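The values are calculated or read from the model by the stated rules, or taken from the named source; none is laboratory data. Predicted, not measured: the structure shown is a model, and the values here were computed from it. Here the Cβ positions follow ideal geometry from the backbone for every residue, glycine too, while neighbour counts run over all protein chains shown.
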Amino acid sequence: MTRANNEKGRYRMNATNRHLGALLAALAVVVAAGPARAAISAQCPADTDGMDTDGDGNAGNDNVCRHLIASDGYADMADGRLLYVFGFSEILSGEPLDMAVMNHTLSANAPAPTMAFREGQRVYLTLSNAGFMVRPDLFDPHSVHWHGFPNAAPIFDGMPDSTVTIKMDASQPYFYSVVDPGTYLYHCHVEATEHIQMGMVGQLYVQPKQNMLPAGTVLGSFTHRRGQKYGYNDGDGSSRYDVEVALQLDSFDPDFHDASESVQPLPFALMEDRYFLINGRGYPDTVRRGPMPNSFDGQLSQKIDAQVRARRGQRVLLRLSNLSVTEHFTVTLQGIPMHVVGEDARLLRGPTGLDLSYDTTSVTLGGGETADVILDTTGVVPGTYFLYTTNLNFLSNDAEDNGGMMTEVVILG
Amino acid sequence: MTKHTTSMGGAMLLALALASFPAPARGAIPGVEGPSFSLTARAGFVSTPEGGSIYSWGYADGAGLMQYPGPSLLVDEGDVVTVTLSNELPVNVSIVFPGQQGVTALGGVPGALTSEVEPGGTPVTYQFTAARPGTYQYFTGTDTQLGVEMGLVGALIVRSATAGWAYGHADGAYDREFLVLETEMDPIIHELVETGRIAEVDFTAYRPVYWFLNGRSAPDTMVPAGAQWFPHQPYSCMPMSHPGDRLLVRLINAGRGLHPFHTHGQHMRIIAQDGRLLESAPGAGADLSFLRFTTTVAPGGTEDAIYSWTGDNLGWDVYGHRPGDPLEPGEYALDHGKPFPVIMPDPKDLEPGPYYAGSPFLGVAGYRPPVAGTSPNAHAGYVFMWHSHKEYEMVNNDTPPGGMMTMLIVEHPDVPVMEM
Amino acid sequence: MKKYHAATVRSASLAPALALLLGSAAGCATGDEGDPQTRAALTSVFVYLRAEAFTKTMPDGRDVVMWGYAQDSAFGAHDGVLSSPGPVIELQADTTRLTVQLENNLDVPTSLVIDGLRQSLPAVRHPDGRVRSFTREASPGNVAPVTYVYSVLRPGTFLYKTGTSPQVQVQMGLLGAVRRPSAAGEAYAGRAFDDELLLVYSEVDPELHDAVAGGQYGPGLAVTSTIKYVPQYFLVNGEDVMSGAYDVDPSLAGRRLLVRFVNGGLRSHVPLFLQADVLALAEDGFPYKYPTKRTAVLMPAGKTADVLFTVPASGAKLLYDRMF
Ligand SMILES: [Cu+2]
Ligand SMILES: [Cu+2]
């Protein structure tokens, strides 16, 4: 009964050699693949049913098409260490599909592109598989698992044991009729422990139809005004917000990523995450605004910062989720209490209508759990506040102190 | 890396199960009927999917084999429950019953939490009135840290006076019930105990690498209850359903870690915690219940969840009906006859999973490439994974997939549901 | 205010006496603003905290350098006793203002925050722009007190802790509890209690303590981050007893016992009740709209929880940590 130990005594290339090797492998595959790689396709039917299912007044725009492509790539940790990752990037409409695999070489985003939809939309999501440039020895299929989607059918659930998943150089359509607002998350479910640890994770949420009400609609004691947004169809304005920020907690084990990159046995039993991330970044990269180029080839692989900005008096909706494969995380916001209005994509309201929302100082999320938190900044002194994990030893970027799972909330006057 | 061998292994075991076990109409959670129990703490070996075996301690039903977890104690609301505990282990043991009040202990020697039985000592008899229906656990109250790790845990189920209700209210009504009891093990500790080196056990270096549901790691979770090749692990964890069935999931965290338990396919409605209906006032029903797609039960705690997959509101007909076809029982009528919304790719571009029956539709088998083999999902049910979303717990000591995971099968309404 | 070595039940009937003590303490204090003599004595609480290192001998004989707090009678008086957790900051139902004056006898800057209270936070940053302290710091050996004023108070149980490099300083021991009833003998509106138990959880990684105390923690030194935190001592109210249980004596049968939990550790803990289930009243000093019954109380890092139950005839046991 000795536990496997793939770490000790394992030959480790130094970073330069390792990444150079990766680049050479990547080039070799691109050359070898050539123009034969063209089996990338997408299905995007027009909305012709004549019904306005998303309530925006337009009966012809309810079908929404998105196109993800799975590949590998690189992401920088906040201590400067470059990690090999698996992930998704997005093929934007108008991009030439016959060039997509080439154009998305090593383009994995960490985290994946955010999927935000409106209740009533019908989502046609295409997943293409570009393969791994650094690991041409692998032929992994991939999937999209829309985690928490109610009444899922296996064909669009992405759980590989009970459905089909897409092989390299091919494309698979997914369909979701989006009827339940809230904060979900998504990830690849193939070889789930490995692919999620390697970074195939993203944010996903659905905005409610209540946003589309005509101005002046009375919701209990609250009157809807134009542009007012809500977390849920609450009927009373209790989940209303002015600013929406999605923060996904995650963590990486660099030894696992290095083992993957250098074709070593993967340390599952010894997995121990040492980078603690919000939207794929450790502090202070969390507050570095806008997309971040990686230090490998300059691709903008970490596109989503984690800074929260609001004006005093505004209500902020934090869409919190956790996709760590090893840790529960507890996060707090020093100086500003949290009001939890939703959990796991459901308004906190009992079956007979009792209000189960609650105030708290911190929220604890395990992998695959989400919470919708309202910050009421009324009376908050303008300045910078800190959102961080109370698992304080995770305020580290591995061996570097003053980092990890922290970001800043800036309240402007 | 593509390595489906382990889950295929599970699939084959399931196929065996489907072939050789007749299906009773409506199963209950297997266990030992009360209200009087005679348990013996003794040692045995827990089997792991890759063929290992771990020296463990557990509670046995009388003269029976050590069990992991201990026998599920089944009693009725209002029963006066007596549990007589004997001890064949080299250390003192006892039993505590969180959620029960007025527990008395007769015999044995005094301990920190309750009376204990010394090795080979005179038994202790614990007695209490099972005053409230609900899902509870029991475990050793003696050196709980080591005892729980070694396996001295089990489920206590107090059935409501109303058959088919988990609690004294229709909000707890269910069609089928299942136990989901979470534990984990660090084999290094077990090895030290087995070789008489208890003094060297260091929990600061605690590192579990096996993760269990009802005492088995996946894919063994899907082997039928009572299978002879798991003499110490008699319980499976294999939920089965028809569309619209209300499944009562009795979740117990009998281990020491936090496990975010995720049910594919549908939310769970959490109706009770620690054996207490989530009600604002007695008789109000589960008016404080809430929905979760992933739930973390506190170690030592329990939750009762109602899970019901209906297939509503998907925007296409999951049965693949044409508009003129008759409705299935409970089918979501607004989607009836709506076509499948996309064109599936050429099968050569797709990797079929072992439970994929070859079509997107419930109860409809379709094309499976010959290389993929025969699916154990013989009736083309919808198969949903239930698992810890701390995904490194879906591993059996360095080998994925496995660990804290099982599959729910939702069968077509015409297909009888097997009981595992 | 008193230092809590052992976990002991405190009768609610003691509260008035304590209030008097607090009143006199406030009366002789000097504050940051105005003349304290002109303030209503019972609505304002002054606390003088001193952060300083001390050595604690663990049950296995190992001496561990801890950072803790002492409560002095005045700034610089040095008549308080150091402990970790620090002294309980006791507020009364009518306390509207808490002033803490901090003396720093450590060799690094430190500060004080109270989790869960609205607070404006003038952060202090490292030269590279990263935050070092969530709020104003007291520099080592400060000759003038650094003052923290809290004027938005509510009933409940709270965690106070250092706001400076909390990943280092909290695990060194700079933490403590604040409690405020809603009325004498009442935790929250309508939640009366007869007796009260306050349990503060924390953890100690002696290797990390040695590195920090021995000048071996920091960039380029032996230990550069807290990533390898491995606690070996698990403290409840400062004593290494988390593996055990608290005995709620049958002599308390019929009395309403309020248990206030504070997790100052970096990991989750789960107190578990036997022979009783308890009403979960509040978390982080926020009362639940619909309290529910529990036997296991999940206490994530930094969380506080208040539970209430009537002690049954058998008494009850409280396993400090089912995750231990
Ligand atoms: Cu994948
Ligand atoms: Cu998931």
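At-a-glance table
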read-out: Residue count, the range A:169-193 (criterion: over 25 Å from B:L291 (Cα atoms), part of a loop (DSSP other than H, G, I, E, B) and within 16 Å of ligand 2 (Cβ to nearest atom)); value: 2
read-out: Qualifying residue in the range B:380-389 (condition: more than 10 Å from every other protein chain (Cβ to nearest Cβ), buried (at least 19 other Cβ atoms within 10 Å of the Cβ) and over 28 Å from B:T295 (Cα atoms)); value: yes
read-out: Residue in the range A:361-373 that is closer than 13 Å to A:Y388 by Cα, over 20 Å from the mean Cα position of the chain (by Cα) and away from ligand 1 (no atom under 16 Å from the Cβ) present; value: yes
read-out: Subset of the range A:154-194 (residues that are within 16 Å of ligand 1 (Cβ to nearest atom), surrounded by fewer than 24 Cβ atoms within 10 Å (Cβ to Cβ) and of a type in the set (G, A, S)); value: A:A170, A:S171
read-out: Residue in the range C:207-229 that is in contact (Cβ under 8 Å) with a residue 24 or more places away in the chain, out of contact with any helix residue (DSSP H, G or I) (no Cβ under 6 Å at 6 or more places or on another chain) and under 30 Å from B:G141 (Cβ atoms) present; value: no
read-out: Given (1) within 14 Å of another protein chain (Cβ to nearest Cβ); (2) within 16 Å of ligand 2 (Cβ to nearest atom); (3) small (G, A, S); (4) at negative phi, index of the condition A:A112 fails; value: (1)
read-out: Residue satisfying condition, being within 14 Å of another protein chain (Cβ to nearest Cβ) and not basic (K, R), within set B:P187, B:P224; value: B:P187
read-out: Matching entry among B:P416, B:P401, B:P376 (being more than 8 Å from chain A (Cβ to nearest Cβ) and crowded, with 21+ Cβ neighbours inside 10 Å); value: B:P376
read-out: Residue within the range B:321-340 that is buried (at least 16 other Cβ atoms within 10 Å of the Cβ), more than 22 Å from B:L247 (Cα to Cα), in contact with a strand residue (DSSP E or B) (Cβ under 6 Å, 6 or more places away or on another chain) and at the interface with chain A (Cβ under 10 Å from one of its Cβ atoms) present; value: no
read-out: Which listed residue is in contact with a helix residue (DSSP H, G or I) (Cβ under 6 Å, 6 or more places away or on another chain), of a type in the set (V, I, T) and within 16 Å of ligand 2 (Cβ to nearest atom), from A:T370, A:T326; value: A:T326
read-out: A:Y358 vs. criteria farther than 20 Å from A:G199 by Cβ, aromatic (F, W, Y) and within 14 Å of chain B (Cβ to nearest Cβ); value: yes
read-out: Flag for A:S143 being farther than 21 Å from B:N313 by Cα, within 15 Å of ligand 2 (Cβ to nearest atom), polar (S, T, N, Q) and more than 7 Å from chain B (Cβ to nearest Cβ); value: yes
read-out: Any hit, the range C:238-257, residues being touching a strand residue (DSSP E or B) at 6+ places or on another chain (Cβ under 7 Å), within 19 Å of C:G173 (Cβ to Cβ) and either of a type in the set (S, T, N, Q) or in the same structural domain as C:D107 (by TED's automatic domain parsing) (or both); value: no
read-out: Failed item, numbered, when A:G94 is tested on (1) within 16 Å of ligand 2 (Cβ to nearest atom); (2) more than 20 Å from the chain's Cα centre (by Cα); value: (1)
read-out: Output for the range A:321-355, where each listed residue is touching a residue at least 40 places away in the same chain (Cβ under 8 Å), within 13 Å of chain B (Cβ to nearest Cβ) and of a type in the set (A, V, I, L, M, F, W, C); value: A:L323, A:V325, A:F329, A:V341, A:A345, A:L347
read-out: Strands (runs of 3 or more DSSP E) contained in the range C:228-324 and holding at least 2 residues in contact with a His (Cβ under 6 Å, 6 or more places away or on another chain) and under 30 Å from B:P208 (Cβ atoms); value: none
read-out: Residues of the range B:94-117 classified as out of contact with any Phe, Trp or Tyr (no Cβ under 6 Å at 6 or more places or on another chain) and either at positive phi or surrounded by 15 or more Cβ atoms within 10 Å (Cβ to Cβ) (or both), total; value: 13
read-out: Single residue of the range B:202-221 satisfying the filter (more than 14 Å from chain A (Cβ to nearest Cβ), in a loop (DSSP other than H, G, I, E, B) and in contact (Cβ under 8 Å) with a residue 24 or more places away in the chain) that is farthest from B:E184 (Cα to Cα); value: B:N214
read-out: Only listed residue being within 25 Å of A:L347 (Cα to Cα), facing chain A (nearest Cβ under 8 Å), of a type in the set (A, V, I, L, M) and in contact (Cβ under 8 Å) with a residue 40 or more places away in the chain, chosen from B:A272, B:A305, B:A286, B:A298; value: B:A286
read-out: Members of the range B:39-68 that are assigned to a loop (DSSP other than H, G, I, E, B) and within 13 Å of B:S217 (Cβ to Cβ); value: B:T48, B:P49, B:E50, B:G51, B:G52, B:Y68
read-out: Which numbered condition A:L219 misses (of (1) out of contact with any Lys or Arg (no Cβ under 7 Å at 6 or more places or on another chain); (2) within 30 Å of A:L68 (Cα to Cα)); value: (2)
read-out: Condition met for A:L106 (within 13 Å of another protein chain (Cβ to nearest Cβ) and more than 14 Å from ligand 1 (Cβ to nearest atom)); value: no
read-out: Total residues in the range B:69-103, condition assigned to a loop (DSSP other than H, G, I, E, B) and away from chain C (no Cβ under 14 Å); value: 12
read-out: Unique residue being farther than 30 Å from B:A365 by Cα and either within 14 Å of another protein chain (Cβ to nearest Cβ) or more than 16 Å from ligand 2 (Cβ to nearest atom) (or both) when the list is A:R118, A:R122; value: A:R118
read-out: Residue match in the range A:134-151 (condition: over 23 Å from A:M212 (Cβ atoms), away from ligand 1 (no atom under 16 Å from the Cβ) and at pLDDT below 95); value: yes
read-out: Qualifying residues in the range A:198-208 (those that are within 11 Å of ligand 1 (Cβ to nearest atom) and over 21 Å from B:G353 (Cα atoms)) - the one farthest from the other protein chains (Cβ to nearest Cβ); value: A:G199
read-out: Condition met for B:P234 (crowded, with 21+ Cβ neighbours inside 10 Å and within 16 Å of ligand 2 (Cβ to nearest atom)); value: no
